[in-house]
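K.L.:
One structure coming up, written as structure tokens, with questions to follow.
The values are calculated or read from the model by the stated rules, or taken from the named source; none is laboratory data. On a predicted model such as this, the values are computed, not experimentally measured, just so you know. Here Cβ is always computed from backbone atoms with ideal geometry, including for glycine, and neighbour counts include all displayed protein chains.
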Amino acid sequence: MSYETIETERDGAVLIIRLNRPDRLNAYTTQMCEDLISAYDAADADNDVKAIVVTGNGRAFCAGADLESGGKTFDRTDRDWHRDSGGVLNLRTFECSKPVIAAINGPAVGVGATMTLPMDIRVASETLKMGFVFARRGIVADGCASWFLPRVVGISQALEWTLSGRVFGPEEAVKSGLVRSVHPADEVLPAALELAREITENTSAVSATLNRQMMWRALGADHPMEAHRVESWALHFAGASADAREGVESFLAKRPPNYPGRVPADLPPDYPWWPDREFKPL
């Protein structure tokens, strides 16, 4: 499939998505939002895709919203109501059934920073310049960042960055836990692909999907009983699966696993809506 603002390619079981407006430092547009959502939809529907890596073409990851329209860039008064497109994108990323890794190959500010928050792992270039610069543009954070950012780095750090709008470098990004690791520019994508292969080659795709959604959704739970209920349901389903048998048998035989389960074909029939059902005591 071809897109206007992104490129896609396959590396084995990994789908690589490249933001592709290098002449504009991959500045974000509504078309980019639509293209990314379409790519996620295609990946989720493909049983052969087990992980997604998102990066940028050129020297930037994403320089934020395209400001070509000037001072009226963020003006939506001609509409009765406007959904933030960064939030629409990040809600779709949140719903992904495949693990998503950000290979941040250069500057990532504004929506270029917030679009990485619902991704599961972030690796970055030594040239990273990152910033939640919204207050310096007279606007507020986008991309559901007021939900995601405090959960990734804590409320105090999230407030410091959003209140000041300052741009920071790779050392601070790693120290805060926002970024996993920093690499020379030409090693960022290989590092992300290595992480993706660690997932795709050694784990059950169904297990990865369920673990991803359980972790993200539990962030909004108000009691561990909610996690216990979901985990009990997921273990009941997974424990009887061919993947569970293969996981144990390959371990005992000291051989690499060959998990038969595929996503989405072999997900539970009521995924991703966790059941509100009673369970029997031990």
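K.L.:
Determine the pairs where a residue that is surrounded by fewer than 16 Cβ atoms within 10 Å (Cβ to Cβ), located within segment 40-63, has a partner that is at pLDDT 95 or above with Cβ atoms under 6 Å apart, the partner being 6 or more residues away or on another chain.
P.N.:
Partner pairs satisfying both residue conditions: 47/262; 47/265; 59/106.
K.L.:
Among the residues that make up segment 141-162, is at least one of them among the charged types (D, E, K, R) and surrounded by 17 or more Cβ atoms within 10 Å (Cβ to Cβ)?
P.N.:
Yes, the conditions are met somewhere in segment 141-162.
K.L.:
Kindly provide the set of residues from segment 1-57 that are of a type in the set (S, T, N, Q) and within 23 Å of residue 124 (Cα to Cα), ordered by number.
P.N.:
Passing the criteria: 5, 8, 20, 26, 29, 55, 57.
K.L.:
Tell me whether segment 88-95 contains one or more residues that are at pLDDT 95 or above, more than 15 Å from residue 28 (Cα to Cα) and among the aliphatic types (A, V, I, L, M).
P.N.:
Step one: filter segment 88-95 for residues at pLDDT 95 or above, giving 88-95.
Still in the list and also more than 15 Å from residue 28 (Cα to Cα): 91-95.
Of the ones still in play, those that are also among the aliphatic types (A, V, I, L, M) are 91.
So far as segment 88-95 goes, yes, one or more of its residues are at pLDDT 95 or above, more than 15 Å from residue 28 (Cα to Cα) and among the aliphatic types (A, V, I, L, M).
K.L.:
Among the residues that make up segment 248-259, is at least one of them touching an Asp or Glu at 6+ places or on another chain (Cβ under 6 Å), surrounded by 17 or more Cβ atoms within 10 Å (Cβ to Cβ), within 26 Å of residue 40 (Cα to Cα) and among the hydroxyl-bearing types (Ser, Thr, Tyr)?
P.N.:
Scanning segment 248-259 turns up at least one residue that is touching an Asp or Glu at 6+ places or on another chain (Cβ under 6 Å), surrounded by 17 or more Cβ atoms within 10 Å (Cβ to Cβ), within 26 Å of residue 40 (Cα to Cα) and among the hydroxyl-bearing types (Ser, Thr, Tyr).
K.L.:
Something else now. Pick from segment 123-140 the residues that are over 16 Å from residue 62 (Cα atoms) and among the small types (Gly, Ala, Ser): which of them is nearest to the chain's Cα centre (by Cα)?
P.N.:
The extreme case among them is 135.
K.L.:
Identify all residues within segment 140-157 that are aliphatic (A, V, I, L, M) and either modelled with pLDDT under 95 or under 26 Å from residue 32 (Cα atoms) (or both); write none if there are none.
P.N.:
140, 141, 145, 149, 152
K.L.:
Would you check which residues across segment 220-247 are within 21 Å of residue 50 (Cα to Cα) and not in a loop (DSSP other than H, G, I, E, B) and list them?
P.N.:
First, pick out the residues of segment 220-247 that are within 21 Å of residue 50 (Cα to Cα): 234-235, 237-239, 241-247.
Selection gives 234, 235, 237, 238, 239, 242, 243, 244, 245, 246, 247.
Let's see how each residue does on (1) in contact with a Leu (Cβ under 6 Å, 6 or more places away or on another chain); (2) surrounded by fewer than 20 Cβ atoms within 10 Å (Cβ to Cβ); (3) free of Cβ contacts under 8 Å to residues at least 60 places away in the same chain:
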residue	(1), (2), (3)
189	no, no, no
207	no, yes, yes
211	no, yes, yes
216	no, yes, no
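K.L.:
A follow-up question, please. Confirm whether residue 100 is β-branched (Val, Ile, Thr), modelled with pLDDT of 95 or more and in contact with a strand residue (DSSP E or B) (Cβ under 8 Å, 6 or more places away or on another chain).
P.N.:
So residue 100 passes the test.
For (1) within 24 Å of the chain's Cα centre (by Cα); (2) outside the structural domain of residue 148 (by TED's automatic domain parsing); (3) modelled with pLDDT under 90; (4) not charged (D, E, K, R), each residue gets a yes or a no:
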{"position": "247", "(1), (2), (3), (4)": "no, yes, no, yes"}
{"position": "253", "(1), (2), (3), (4)": "no, yes, no, yes"}
{"position": "263", "(1), (2), (3), (4)": "yes, yes, no, yes"}
{"position": "269", "(1), (2), (3), (4)": "yes, yes, yes, yes"}
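K.L.:
A further question on this structure: Read through the list (1) polar (S, T, N, Q); (2) loosely packed, with under 13 Cβ neighbours inside 10 Å; (3) in contact (Cβ under 8 Å) with a residue 24 or more places away in the chain, then give the number of the only condition that residue 241 fails.
P.N.:
Of (1) polar (S, T, N, Q); (2) loosely packed, with under 13 Cβ neighbours inside 10 Å; (3) in contact (Cβ under 8 Å) with a residue 24 or more places away in the chain, only one is false for residue 241: (2).
K.L.:
For residue 239, indicate whether it is small (Gly, Ala, Ser) and either within 25 Å of residue 121 (Cβ to Cβ) or touching a helix residue (DSSP H, G or I) at 6+ places or on another chain (Cβ under 9 Å) (or both).
P.N.:
no
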